[in-house]
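Since the structure comes first, as structure tokens, the remarks are kept for the end.
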Amino acid sequence: MKSTDKLILDGTQLSIHGVLETHDTDYLRVFLEKNKAVFFDAGKLGLDFSDSPGIDSVPGEILYKFCRQLARAGVKITRIGASKSIDSLFASFKKHESASYSKKRQIGIHEHFEDLGEGVYTFLKTLSGLWFFAGETLNAFIGMILHPLKIRWPMVFYYMEETGVKAVPIVATLTLLLGTVMGYQSGFQMQIFGAENFMPALLAYSITWEIGPMLAAVLVAGRSGSAFAAEIGTMQVRQEVDALRVMGFDTFSYLVTPKMIALLFVMPFLVLLANCSGIFGGLLAGIFFLDFPASTYISELGKALIPLDIIWGMMKSVIYAVIIANVGCFMGIRVRGGASAVGKATTAAVVLSIFLVILADALMSLLFVHIRPGLSV
Amino acid sequence: MNAILQVENLRGGWEKQLVLDDVNLQVNRGEILVIVGRSGCGKSTLMQHMLGLLKPWSGKILFNERDIWESSQVLQESRRRWGVLFQSGALLGNLTLLENVMLPLEEYTDISRPDMALVAYSKLDTVDLADFADSNPMEVSGGMQKRAGLARAMALDPEVLFFDEPSAGLDPVTSSNLDNLIKSINKSLGTTMVIVTHELPSIFAISDRVVMLDPEEHNIIAEGTAMELKENSTDSRVRAFFGREEFTEKKEE
């Protein structure tokens with residue numbers, strides 16, 4: 001049955017034939033709009049449903065709204081022959097007509113303050129949650145140290161490969177590039193003043209003290225911290241963590257400590273690698289861009305660096321490893337709800353661990369100034 | 001009988017794994033057809049083929065006597081006339097129940113948002129959830145999520161409603177309420193329904209006709225009303241499927 005056959009207008013009497021379906025909506029709207037004036041002028045509209053068993057909701061709603069519009073203008077509406085389903089559809093529209101549909105709540109100055117306060121509160125709550133989580137991790141960790149055989153070594157080795165070995169190419173490449181760029185740019189500036197002989201020292205200090213450990217930590221947070229959060233978060237969503245609990249596993253020693261022990265082992269070596277490849281990058285910059293002999297570069301390095309410089313970076317990395325593993329696992333454990341929560345946890349893990357790593361770095365450099373010979377006055 | 005959906009010589013499955021071999025099936029207008037079978041027999045695969053989510057290796061799926069794979073327009077037009085309730089309800093978590101029900105209206109009609117909202121309200125009324133219109137899916141129970149999913153499936157007054165294991169994960173009372181709802185929608189609106197399930201109480205409560213698939217045959221091995229299959233079948237596989245639960249029989253009497 002074609003749309004045009006379904007609506008028959010006789011004077012002010014509109015009869016509906018057959019089922020008015022969703023795809024008749026456009027025709028219905030045009031039809032009603034075209035004949036609106038007829039009903040307004042006559043002051044009445046008769047709807048005859050006696051030949052119609054039912055009506056789809058979308059055209060029904062259009063028809064209903066049209067009738068309401070006419071009724072408000074004082075047009076008298078009569079309805080005959082409506083089946084029970086049409087009656088109940090119209091009754092339902094009538095019932096919910098006043099329910100205001102608003103997509104978004106009104107945002108005023110008041111709500112902005114509310115959001116700000118809520119944001120601060122959530123952040124502090126997260127930090128305090130992390131604090132307790134770190135306490136539990138420490139507890140589990142001490143238990144592990146006392147009983148080293150209880151450590152799940154296969155899992156530790158697996159995560160060492162995932163977080164350490166597989167991170168080698170990216171850490172080495174990025175620090176090499178960064179070392180080259182820094183060597184070239186600083187060396188070039190220093191050449192102007194005839195001070196290029198200090199370039200190796202500048203580069204060695206900035207890389208071993210800051211750039212090497214920091215870049216390694218950022219990369220590990222991005223690669224592994226997020227992976228920890230996603231892995232545990234997905235398990236949480238699929239109720240696997242609950243299943244582990246029910247089966248009597250200690251979730252900390254199963255999910256958290258193997259990851260942390262693995263990171264504790266690999267982070268210092270990643271930092272060592274980052275240092276070496278950054279300094280090597282400086283050497284390349286010296287040879288290729290600044291006509292700096294390799295032998296001079298190395299002897300200048302030997303004069304500038306002391307063992308503490310290297311060891312300090314590796315010590316810092318242990319702290320970073322604790323932060324990254326804890327934040328990643330904590331964000332994963334906290335996941336509630338569906339798949340979108342996992343995505344949010346992953347993002348939060350990366351952002352918070354980088355934030356805490358930089359904060360820890362700032363605090364530790366205050367200490368470093370006092371223990372490194374030649375820095376404090 | 002008046003067929004609305006026909007499966008003709010369907011051969012299909014996932015990637016290279018054959019699941020269905022030469023299946024013929026007809027769904028009549030206004031009936032509730034239940035597809036049953038053991039796990040892994042291809043019930044869901046058959047439904048995926050009927051919904052045009054999987055392309056048949058060979059054979060045809062006809063909706064209103066047109067092959068749904070004839071062109072992408074036919075497939076799109078057919079899908080507009082179908083509603084599907086997925087196993088988990090598959091509601092979008094970042095939208096309210098009302099907005100979830102409005103989704104198909106947004107996609108397929110160009111009425112204004114307040115108009116959509118009113119239609120969506122009437123659909124939520126049908127499943128008795130109008131009071132929860134502004135809740136998020138996560139805030140309501142599993143049974144309510146299913147009902148909201150059903151309201152969404154009905155948003156465009158479909159000709160055929162598909163259900164993938166509607167009672168999975170629901171307690172017997174909620175499950176039987178959902179069965180009653182399905183049955184009453186079928187009665188009042190005359191919507192054709194295709195239901196995949198293996199819950200015996202549901203099968204007896206709602207089905208007009210049952211087809212049973214078998215994993216070894218890759219095909220339909222029995223067809224009839226639920227009682228016929230239970231009482232008269234000589235096939236041991238059918239008897240094993242229906243035979244083990246006695247209480248359904250008492251409920252029927």
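The values are calculated or read from the model by the stated rules, or taken from the named source; none is laboratory data. Computed from a prediction, not measured in an experiment: that's the story for all the values here. As a convention, Cβ positions derive from the backbone with ideal geometry for all residues, glycine included, and neighbour counts pool all protein chains shown.
Worth pointing out:
- Here the condition is being touching a Ser or Thr at 6+ places or on another chain (Cβ under 7 Å) and assigned by TED's automatic domain parsing to the domain that holds A:LEU219; of A:ALA362, A:ALA349, it holds for A:ALA349 alone.
- Breaking point among (1) out of contact with any Asp or Glu (no Cβ under 7 Å at 6 or more places or on another chain); (2) in a helix (DSSP H, G or I); (3) within 14 Å of another protein chain (Cβ to nearest Cβ), for A:PHE93: (1)
- Region B:141-163, residues that are over 30 Å from A:LEU20 (Cβ atoms) and away from every other protein chain (no Cβ under 13 Å): B:SER141, B:GLY142, B:GLY143, B:MET144
- Close contacts from region A:173-196, counting a first residue that is of a type in the set (Gly, Ala, Ser) and a second that is not in a helix (DSSP H, G or I), with Cβ to Cβ under 8 Å and a gap of 6+ residues or different chains, come to A:GLY183/A:LEU290; A:GLY187/A:LEU290; A:GLY187/A:PHE292.
- Condition check for A:ALA91: without any contact (Cβ under 8 Å) to a residue 12 or more places away in the chain and under 17 Å from B:LYS123 (Cβ atoms): yes
- Filter pass, B:ALA130 being within 14 Å of chain A (Cβ to nearest Cβ), out of contact with any Pro (no Cβ under 9 Å at 6 or more places or on another chain) and among the small types (Gly, Ala, Ser): yes
- Top-ranked residue in region A:305-319 [being within 21 Å of A:SER353 (Cβ to Cβ) and surrounded by fewer than 17 Cβ atoms within 10 Å (Cβ to Cβ); ranked as farthest from the chain's Cα centre (by Cα)]: A:MET315
Per-residue answers, yes or no, for (1) of a type in the set (Ser, Thr, Tyr); (2) surrounded by fewer than 14 Cβ atoms within 10 Å (Cβ to Cβ); (3) assigned by TED's automatic domain parsing to the domain that holds A:ILE261; (4) under 30 Å from A:CYS276 (Cβ atoms):
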residue: A:PHE123; (1), (2), (3), (4): no, yes, yes, no
residue: A:LEU127; (1), (2), (3), (4): no, yes, yes, no
residue: A:PHE133; (1), (2), (3), (4): no, no, yes, no
residue: A:LEU149; (1), (2), (3), (4): no, yes, yes, no
residue: A:ALA167; (1), (2), (3), (4): no, no, yes, yes
residue: A:ALA172; (1), (2), (3), (4): no, no, yes, yes
residue: A:SER186; (1), (2), (3), (4): yes, no, yes, yes
residue: A:ALA195; (1), (2), (3), (4): no, yes, yes, yes
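- Breaking point among (1) surrounded by fewer than 16 Cβ atoms within 10 Å (Cβ to Cβ); (2) under 18 Å from A:VAL156 (Cα atoms); (3) in contact with a Gly (Cβ under 7 Å, 6 or more places away or on another chain), for A:ASP250: (3)
- Criterion violated by B:ASN186 - all others in (1) part of a helix (DSSP H, G or I); (2) buried (at least 21 other Cβ atoms within 10 Å of the Cβ); (3) within 14 Å of another protein chain (Cβ to nearest Cβ) satisfied: (2)
- Restricting region A:5-29 to residues that are assigned to a helix (DSSP H, G or I) and over 16 Å from A:LEU70 (Cα atoms), the residue that is farthest from the other protein chains (Cβ to nearest Cβ): A:ASP5
- Considering (1) away from chain B (no Cβ under 14 Å); (2) out of contact with any Ser or Thr (no Cβ under 9 Å at 6 or more places or on another chain); (3) over 15 Å from A:THR208 (Cα atoms); (4) among the basic types (Lys, Arg), the lone condition that A:LYS303 does not fulfil carries the number (3).
- Subset of region B:154-183 [in contact (Cβ under 8 Å) with a residue 40 or more places away in the chain, among the β-branched types (Val, Ile, Thr) and out of contact with any helix residue (DSSP H, G or I) (no Cβ under 8 Å at 6 or more places or on another chain)]: B:VAL160
- Strands (runs of 3 or more DSSP E) fully within region B:12-65 counting 1 or more residues that are closer than 14 Å to B:GLU217 by Cα and touching a residue at least 60 places away in the same chain (Cβ under 8 Å): B:17-28, B:32-37
- Scanning region B:62-119 for residues that are small (Gly, Ala, Ser), under 23 Å from the mean Cα position of the chain (by Cα) and away from chain A (no Cβ under 13 Å) gives a single hit, B:SER72.
- Of B:LEU124, B:LEU156, B:LEU129, all but one fail to be crowded, with 22+ Cβ neighbours inside 10 Å and more than 26 Å from B:SER78 (Cβ to Cβ); the exception is B:LEU129.
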